[in-house]
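Input: a single structure, listed below in structure tokens.
Laboratory data are not the source of any read-out in this text; all were calculated from the coordinates shown. Being a predicted model, the structure only gives us computed values, none of them experimental. Cβ: placed from backbone, ideal geometry, glycine included. Neighbour counts: every protein chain shown.
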């Protein structure tokens, strides 16, 4: 099938005014976004195992669109840090994105164990008086000390997330001697308390990283981070772990199942 | 309690070298991020009902930190488009962020009905030959026509999301006469097929908006979007709706519960 650009929709018909030209450009941007979304999905599914995307002409034919639209779609993915253009080779995958499950409460090392080793650079462990919103959520008296831990988490040496964690002091103190560099806090919580974790309330947001967070994550300035706030409870209902996690948007996605009826 | 800056942790002790100065600055950035995360949470909980944040001195006392750290934290939230500084008044809330549930499959109008009216600007409805990844997921033959719909969705007139939707043609055609401007596709799917929806596979990502998407969403260039890919099935298992949704990161968060055991 020729690249008839059938993804095109409410397009102008060869009008030559500036307005029509602007409309056509807007439409190409719409088509590029459409294609970029389909290719982003393929990247997440690791659908290009040799690390190279098909040639632009092939993509144009496969997606029944123009080469210009393909170029613009690849530009979008390049701006997201997922692919790069390599002279003589074409468009190559530069960032592998991993899916973190939304169906079960799991730590990062647990989730990614098939993909490699998670290590944690512990930037801070310090008792701090609990600010009111922390005290309330962890159900400790306002101003009572809690343990604050800050970790930069890596998979096979590559930064994935910056985690800010608040723990009640009794549990936190017991964690201090543990191997925080190589172990999920979830696992340590279960071993220190002798109880399984129960549930967590989570909130996910997309936030543009400030300059300092981007630098710590070794990401470009202005990078998008997937912010996870998670309040984790033991199986007996006690809240024991309040976390604010900044995942690099180019490296982590969250996947799960939703049901219509509860 | 005086602002003793106890959130401070591995701080230098008055050293005067450039390195120590740099360390101190890095630490203030760390503390500002910590505080910004707590305030962002308060904003999401609508904890400032009069739309004004406490004075910087009050925040410094409440969070046991310095006024400089408070200022830097507020700068972060300003950069995220959540607050603004208003002369003579202080720091005011400028964007209300709404929580979209992760616990049950719901349309946007259903989710946000207490907050106001969702309207949809239908930018495109057009049959397109299904690209391979769409055909595969909707289980139609590759190249068979599917209905493509593009909508800009608003709450009380304010842009929330840009939605790209693919539907099998039989179902899509039945939707064409429906009131897409005022009705969730989910509701229309259930009424057109006479069947309830079942489940959806979702993936959430944080992506920096390209210039064109940001313009459509009336958001600042470089804004972070919460990307949702959602493949929705009828209760009988048939996949009927593949969507790529860009939520404005400053206006939508996703919230839910995760459990440790399945």
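Structure summary
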quantity: Highest-first arrangement of A:39-47, B:196-204, A:240-248, where packing means the average Cβ count within 10 Å; calculated: A:240-248, B:196-204, A:39-47
quantity: Folded to 0 to 90 degrees: helix B:18-44 orientation relative to chain B principal axis, Cα; calculated: 50
quantity: Packing rank of A:186-193, A:116-123, where each peptide gets the mean count of other beta carbons within 10 Å, highest leading; calculated: A:186-193, A:116-123
quantity: Partner chain coverage, peptide A:27-36 - average Cβ within 10 angstrom; calculated: 4
quantity: Nearest-ten-degree value, helix A:67-79 long axis tilted from longest Cα axis of chain A; calculated: 20
quantity: Rg/Rh (Cα only; Kirkwood hydrodynamic radius) as it applies to the range A:204-246; calculated: 1.18
quantity: Calculated FRET efficiency for the pair residue A:103/residue A:182, C-beta based, R₀ 35 Å, to 0.05; calculated: 0.85
quantity: Cα extents of the range A:98-255 along the three principal axes, largest first (Å); calculated: 40, 32, 28
quantity: The protein assembly as shown shape via C-alpha gyration tensor axes, a/c threshold 1.5; calculated: prolate
quantity: Shielding of A:190-203 by partner chains, average beta-carbon count, 10 Å; calculated: 3
quantity: Ascending list, in nanometres, of distances separating the residue A:92 label from those of the other copies (7 Å, Cα toward Cβ); calculated: 5.2
quantity: Projected label distance in nm at residue A:173 and residue A:85, using a 7 Å step from Cα toward the beta-carbon; calculated: 6.1
quantity: Pseudo-label separations to other copies for residue B:121 - Cα-to-Cβ vector, 7 Å, nm; calculated: 4.4
quantity: Cβ-based exposure ranking for B:255, B:213, in which fewest neighbours within 10 Å come first; calculated: B:255, B:213
quantity: Nearest-first distances (nm) between copies at residue A:71, label 7 Å from Cα via Cβ; calculated: 4.7
quantity: Residues B:100, B:115, sorted so that the one with the fewest Cβ neighbours within 10 Å comes first; calculated: B:115, B:100
